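The values are calculated or read from the model by the stated rules, or taken from the named source; none is laboratory data. Note that the structure is a prediction, hence the values are computed from the model and not measured. Don't worry about glycine lacking a Cβ; one is built from the backbone with ideal geometry, like all the others, and counts go over all protein chains shown. Side chains are part of the model used for accessible areas, which takes the heavy atoms of the whole protein and leaves out ligands, DNA and RNA. Shrake-Rupley method; radii C 1.70, N 1.55, O 1.52, S 1.80 Å.
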Amino acid sequence: MSELPLPGELDVFEIDLPELFAFKEPVLAAADARTVCARHVVAADLRGDWAGALRASGFRAEVPTHWIDEGVLGYLRREEALRVVDTLTDLSAPGSRFGVAQFDSDQHSERYAELRRLVRPGADGPREPSGLGPEAGQWLAEHGWRTTFRAWDDLVAPLGRPAALGSRDLGLVLAVRR
């Protein structure tokens, strides 16, 4: 976190599985990583009562929050991912923000064949729907969020990198709680 220019009065609540923190914390300590703001480690499974663990760590729902999905929702079954975002919505004061990636909804397309083989060897068959799905923006709008969509190509263009995907359907849903 030291490489991010974050204000010192900021509180960062990092939610992850206990076993991942058991791995990550010694690595950060060995690297002598230092935070520039208050970092709260919240060991919880998003499929369980993570809101209780978050509150117990000092989280205050009345303060606008910036939520970041670092791809974890895509690993959860659709109903689990929707439950996480429903809880996140309940914890979000007006003005809170949420950014969630929107990927190709056809998980069996040839575009993802190699990635499937790397991540889930032998899992070429039908897969249960995961993540928020292609209707993430619509679901958020129906649950009290004002949403906009930014295509990946538009997001990376100012960076001057050859990362264009050529798809207007892949990108980031940006939501602000009403």
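So the values come out like this:
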quantity: Simple label model, 7 Å out from Cα along Cβ direction - Y75 to D32, nm; calculated: 3.1 nm
quantity: Integer Hz, Karplus 6.51/-1.76/1.60 couplings in order for the stretch 68-83, x for Gly and Pro; calculated: 10, 8, 8, x, 5, 4, x, 8, 9, 4, 3, 5, 5, 4, 5, 5
quantity: FRET E, pair A61, A141, Förster distance 30 Å, beta-carbon r, rounded to 0.05; calculated: 0.90
quantity: In sequence order, calculated HN-Hα J values of the stretch 135-150 (Karplus, 6.51, -1.76, 1.60; Hz; x Gly/Pro); calculated: 9, 4, x, 5, 4, 4, 4, 6, 10, x, 10, 8, 10, 9, 10, 10
quantity: Surface per residue (accessible, 1.4 Å probe) for the stretch 29-105, Å²; calculated: 55 Å²
